[in-house]
Amino acid sequence: MELRLYDTLTRTTAPFRPIDPKNVRMYVCGPTVYDFAHIGNARPVIVFDVLFRLLRHLYGADHVTYVRNITDVDDKINARAARDFPELPLNEAIRRVTEVTDRQFHEDVDALGALRPSVEPRATEHIAEMRALIEKLIAGGFAYVAEDHVLFSPQAMNAANSVPPRYGALAKRSLDEMIAGARVDVAPYKRDPADFVLWKPSKPGEPSWSSPAGIKAEGRPGWHIECSAMAWKHLGETFDIHGGGIDLVFPHHENELAQTCCAFHASRMANVWMHNGFLQVESEKMSKSLGNFITIRELLGQRPSNPRWGEILRFNMLRTHYRQPIDWTEAGLLESEISYGKLRQAASGANRLRIKPSEGVLEALADDLNTSEVMAELHRLANAARSTSPSDLPVDAANELAGSLQLLGFEKSIDHIRSDDIRGDIQRTYQEVAARERGLDPKHLDELLVSRTAARSRKDFKESDRIRDELAAMGIVLKDGKDAEGKPMTTWEVAR
Ligand code: AMP
Ligand code: ZN
């Protein structure tokens, strides 16, 4: 089986050949940690987690290095820090903000079944590498100092015949177009409108470090140089795969590529550039002003009585091919919930000692992560596993279904093969159907349950009793029990 990946730089799908199969290296631009991550941010996390898992399967778990950075130098972080911790010195306040948001991000993406990357470097810990890169770029004639800024010159890059990549090759824009398109009020210290910042002086109240190139004033890095520095430190001058959302192609990745190739006189930064399509919500661009901005945390909290909810969100994300735009809708989530439940039930006949991913699923994944084809294959396996005809080898199909679900990161989906937790799941599905038959929306019942739990935890027993009575009037009773880890939890059931 041959892994084929689509490369944004060449606009072609080609066989993937790692530079060193003993150490396959991937860099993905991570989140800027200033608030809860939204469901759009979850897309690259899940997509590249699937690729990470596939690479580990193909090359061995110890032979893949996955770096996903944490951007902790950013104006939005500074603003947050000043707002939330006005009494603390700025650096301390920034550390507090990023510690909290970093932890939230990890909890959220853990719940979506994403493995932790091999390394999660922070921009603030790589300032020395950024300064070193900037010095190389100045020495090579690709960057210059002006009014305490260091600027990169795309024109210098394109004039140097020794360096093959042209500026604009990734985004497929010509330099002339970019210059023409640049804003009229170009900063006066720029020699050319297309020049971009590698380093700039810090304003009062901003974090600052000693500057490169003999600049006396303290300063801070530009965003693009951060990723070039972290990728260099952890993966070397040239590596295999660079990924992120499609919005990062220009200017972020174009500039990363320019910086790295010019600093090392290399023709490539990464051999394959991969970009996930954008996510929108109910057919609209997600935005706070439209009121359709959803955080991963909010989504995870929507169905507290369903222990599979995080996996259902993951499943919903993977139904669409990663390069296509995705429309995140309530209706789609409901379909995923039903569909994923069916697959899990069909996998429950597997023998845990014999599970393995199916060839069909591996082939589809190897075809530029064709997860929509993977879904079709999973349903074929589920049908075969449920089939009573002996010629269909139902047990093998169940083993392959369970193995494929595990490979795709639905690890909990095979937990029940070891325990009898499947009964809890079937019970849950049964209750949802029973509720729908009575014209009740299971999601609304979950929401009432959340409000009741919140009321109880703030000792507002009047409100919690009121919600219980409201549920009782609908024919719903509450049951106290334990979750898979043995923690107490309350669920609802249709009264008999
Ligand atoms: P940010 O924190 O905005 O730099 O984004 C972190 C990652 O999430 C980047 O790879 C972005 O491309 C990606 N991303 C942000 N918004 C969306 C969206 N609506 N759909 C898909 N990916 C997104
Ligand atoms: Zn980046």
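Could you tell me which of the residues 117, 86 is at pLDDT below 95 and part of a loop (DSSP other than H, G, I, E, B)?
Exactly one residue qualifies, and that residue is 86.
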Self-check item: Residues located in region 224-271, provided they are in a helix (DSSP H, G or I), over 27 Å from residue 145 (Cβ atoms) and away from ligand 1 (no atom under 14 Å from the Cβ)
Solution: 234, 235
Quiz item: What are the residue pairs meeting all of these: first residue in region 205-223, first residue in the same structural domain as residue 93 (by TED's automatic domain parsing) and part of a loop (DSSP other than H, G, I, E, B), second residue at pLDDT below 95 and of a type in the set (Val, Ile, Thr), Cβ atoms under 7 Å, and 6 or more apart or on different chains?
Solution: 207/73; 207/94
Practice problem: From (1) touching an Asp or Glu at 6+ places or on another chain (Cβ under 9 Å); (2) surrounded by fewer than 16 Cβ atoms within 10 Å (Cβ to Cβ), pick out the condition that doesn't hold for residue 10. | Solution: (1)
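With the condition kept exactly as written, say whether any residue in region 121-135 is touching a helix residue (DSSP H, G or I) at 6+ places or on another chain (Cβ under 7 Å), within 14 Å of ligand 1 (Cβ to nearest atom) and either farther than 20 Å from residue 219 by Cα or not charged (D, E, K, R) (or both).
Going residue by residue through region 121-135, those that are touching a helix residue (DSSP H, G or I) at 6+ places or on another chain (Cβ under 7 Å) are 121, 123, 126, 129-130, 133-134.
Adding the requirement that they be within 14 Å of ligand 1 (Cβ to nearest atom) leaves 123.
Adding the requirement that they be either farther than 20 Å from residue 219 by Cα or not charged (D, E, K, R) (or both) leaves 123.
Within region 121-135, one or more residues are touching a helix residue (DSSP H, G or I) at 6+ places or on another chain (Cβ under 7 Å), within 14 Å of ligand 1 (Cβ to nearest atom) and either farther than 20 Å from residue 219 by Cα or not charged (D, E, K, R) (or both).
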Quiz item: If you go through region 196-216 one residue at a time, do you hit one that is among the acidic types (Asp, Glu), closer than 27 Å to residue 135 by Cβ and at pLDDT below 95?
Solution: yes
Quiz prompt | Top-ranked residue of region 274-333 - restricted to ones that are at pLDDT below 95 and over 28 Å from residue 452 (Cβ atoms), ranked as surrounded by the most Cβ atoms within 10 Å (Cβ to Cβ) | solution = 286
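Got at least one residue in region 39-62 being of a type in the set (Ser, Thr, Tyr), in the same structural domain as residue 101 (by TED's automatic domain parsing), in contact (Cβ under 8 Å) with a residue 24 or more places away in the chain and within 16 Å of ligand 1 (Cβ to nearest atom)? Let's see the steps before the verdict.
Pass one, region 39-62, residues of a type in the set (Ser, Thr, Tyr): 59.
Within this subset, residues satisfying the condition of being in the same structural domain as residue 101 (by TED's automatic domain parsing) are 59.
Among the residues that remain, those that are also in contact (Cβ under 8 Å) with a residue 24 or more places away in the chain are: 59.
Going one step further and asking which of them are within 16 Å of ligand 1 (Cβ to nearest atom), we end up with none.
No: zero hits.
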Quiz item: Conditions: (1) modelled with pLDDT of 95 or more; (2) small (Gly, Ala, Ser); (3) within 15 Å of ligand 2 (Cβ to nearest atom); (4) closer than 24 Å to residue 158 by Cα. Residue 222 meets all but one. Number of the miss?
Solution: (1)
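The values are calculated or read from the model by the stated rules, or taken from the named source; none is laboratory data. Remember, it's a predicted structure, so these values are computed and weren't measured experimentally. Here the Cβ is made from the backbone with ideal geometry for all residues, glycine too, and neighbour counts use every protein chain on show.
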